[in-house]
Amino acid sequence: MAYTVRFSDATEIQVGPDEAVLDAALRQGVSLPYGCRSGLCGTCKAPLRAGEIAYPEGQPKALDSAEQASGMALLCQARPRSDLAIDTEPLEEALAAPRVLPARVARLERLAPAVCRLFLRLPAGKRLPFRPGQYIDILLGDGERRSFSLANSPLQDERLELHIRHIPGGRLTDHVFEGMAEGELLRIEGPLGQLYLREDSSRPALLVGGSTGFGPLKGILEHALASGDRRTFHLYWGSRDRAGLYLHELAQGWARESGTVTYTPVLSEPRPEDGWHGRTGWVHEAVLADFPDLSGFDVYMSGPPPMTDAARSAFLGHGLDPERLFYDAFHFSHE
Ligand SMILES: Cc1cc2nc3c(=O)[nH]c(=O)nc-3n(C[C@H](O)[C@H](O)[C@H](O)COP(=O)(O)OP(=O)(O)OC[C@H]3O[C@@H](n4cnc5c(N)ncnc54)[C@H](O)[C@@H]3O)c2cc1C
């Protein structure tokens, strides 16, 4: 059974008895202010106007008994015990302001000869609020920075996931592939970028990624699936060869199981040993072969600049509304 929780702008969400109000709001696409998601920072505190809540994990540190007696609730910890009215307004369009945080390398794994997956953990009690698809900068200490997209959904934000392509001779990615160890401390800044899932749209979406441009699209799709988004998502993933489709089975699983996702991998230079019988050529040309009229779509796109540049002008020439094209080009830091 679920309870109805109503906010001061009349937005309503459904919250199960074992779910925190904040988690349910984020899952249903309603943005509320939050920070740590673990009861420590107090950012999600809001006045409870009506209804009963409980804190099954104990009294949260950021809510003292006087505040609780005065009717304040800590939404990241509060579980409903009845329908609720909460006196706070969802932040419909506001993007979280970027901030600088320390982050520790929690895990590093090779997904392909030239691609690593890096998981970062923030200090205890800190979370990074972001929209699915946004990116962070890794700060190198002498004013230089390198950008990487977040490949996880903000609903699963205990760790930040990055997919990193090796640029031979590149300052940061050489280090990631040759010297970085678990436990290393980095400084990051985020969230950044305009490539993020527009949760208020009901148009079918085309997700078009080249190489590690798959990362932010993974974050977007995992978020859409976890939050029960019923739109259709057509994922196109372009790579030179089969090894570059470094999470092919994951994408195939979404297409098989979700009922809302289709997946089309496209290789530009398959090797004989790939035994590839799928689509070949440029990824944006495969999109246009399947959908010559893009006027009804939202397009989310990420990858190397030659890909995003070519795709952008081709898509706009096929009816795509420029207001419905959301993308980040993976420029190198000096460009
Ligand atoms: C918004 C955004 C999001 C991004 N997200 C991701 C992501 O999720 N995953 C990811 O892998 N990358 C991503 N990138 C790209 C990534 O930021 C760069 O690959 C990274 O900065 C390289 O850092 P480096 O220190 O290893 O290389 P640098 O020390 O910056 O050296 C790179 C330099 O090497 C030269 N160079 C080397 N190889 C090439 C080449 N093939 N083509 C052109 N020039 C070359 C260039 O002159 C370039 O300036 C993103 C970029 C942006 C802007």
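Of the candidates Ala114, Ala97, the single residue that is over 19 Å from the mean Cα position of the chain (by Cα) and over 21 Å from Ala226 (Cβ atoms) is Ala114.
Report those helices (runs of 4 or more DSSP H) wholly inside region 219-335 carrying at least 2 residues which are in contact with a Lys or Arg (Cβ under 9 Å, 6 or more places away or on another chain) and not basic (Lys, Arg).
Filter on region 219-335 gives 248-257, 283-290.
Within 16 Å of the ligand (Cβ to nearest atom) and either farther than 28 Å from Ile167 by Cα or modelled with pLDDT of 95 or more (or both): does that describe Ser333? Spelling it out, it is not the case that Ser333 is within 16 Å of the ligand (Cβ to nearest atom) and either farther than 28 Å from Ile167 by Cα or modelled with pLDDT of 95 or more (or both).
Looking across region 142-163 at every residue that is of a type in the set (S, T, N, Q) and near the ligand (Cβ under 7 Å from one of its atoms), the one that is nearest to Leu245 (Cα to Cα) is identified as Ser149. With respect to Ile136, determine if the residue is part of a strand (DSSP E or B), in contact with a strand residue (DSSP E or B) (Cβ under 9 Å, 6 or more places away or on another chain), modelled with pLDDT of 95 or more and more than 7 Å from the ligand (Cβ to nearest atom). In short, yes. Among the residues of region 164-192, the ones that are in contact with a strand residue (DSSP E or B) (Cβ under 6 Å, 6 or more places away or on another chain), within 11 Å of the ligand (Cβ to nearest atom) and either assigned to a strand (DSSP E or B) or farther than 20 Å from Pro304 by Cα (or both) come to 4 in all. The one condition from (1) of a type outside the set (Lys, Arg); (2) buried (at least 18 other Cβ atoms within 10 Å of the Cβ); (3) more than 9 Å from the ligand (Cβ to nearest atom) that Pro123 does not meet is (2). I'd like the full set of residues that are surrounded by fewer than 17 Cβ atoms within 10 Å (Cβ to Cβ) and either of a type in the set (S, T, N, Q) or away from the ligand (no atom under 16 Å from the Cβ) (or both), limited to region 289-314. The answer is Ala289, Asp290, Pro292, Asp293, Ser295, Gly296, Ser313, Ala314. Close contacts from region 193-222, counting a first residue that is free of Cβ contacts under 8 Å to residues at least 40 places away in the same chain and of a type in the set (Val, Ile, Thr) and a second that is surrounded by fewer than 24 Cβ atoms within 10 Å (Cβ to Cβ) and in a helix (DSSP H, G or I), with Cβ to Cβ under 7 Å and a gap of 6+ residues or different chains, come to none at all.
Restricting attention to region 195-217, the residues being within 15 Å of the ligand (Cβ to nearest atom) and either under 12 Å from the mean Cα position of the chain (by Cα) or basic (Lys, Arg) (or both) number 6.
Only residues that are of a type outside the set (Ser, Thr, Tyr) and surrounded by fewer than 17 Cβ atoms within 10 Å (Cβ to Cβ) were counted in region 199-209, giving 3.
Among the residues of region 42-70, the one identified as hydrophobic (A, V, I, L, M, F, W, C), over 20 Å from Ser8 (Cβ atoms) and surrounded by 19 or more Cβ atoms within 10 Å (Cβ to Cβ) is Ala62.
The values are calculated or read from the model by the stated rules, or taken from the named source; none is laboratory data. What you are looking at is a predicted structure, and each value in this text was computed from that prediction instead of being measured. A quick note on method: Cβ atoms are made from the backbone with ideal geometry, for glycine too, and the neighbour counts reach across all protein chains shown.
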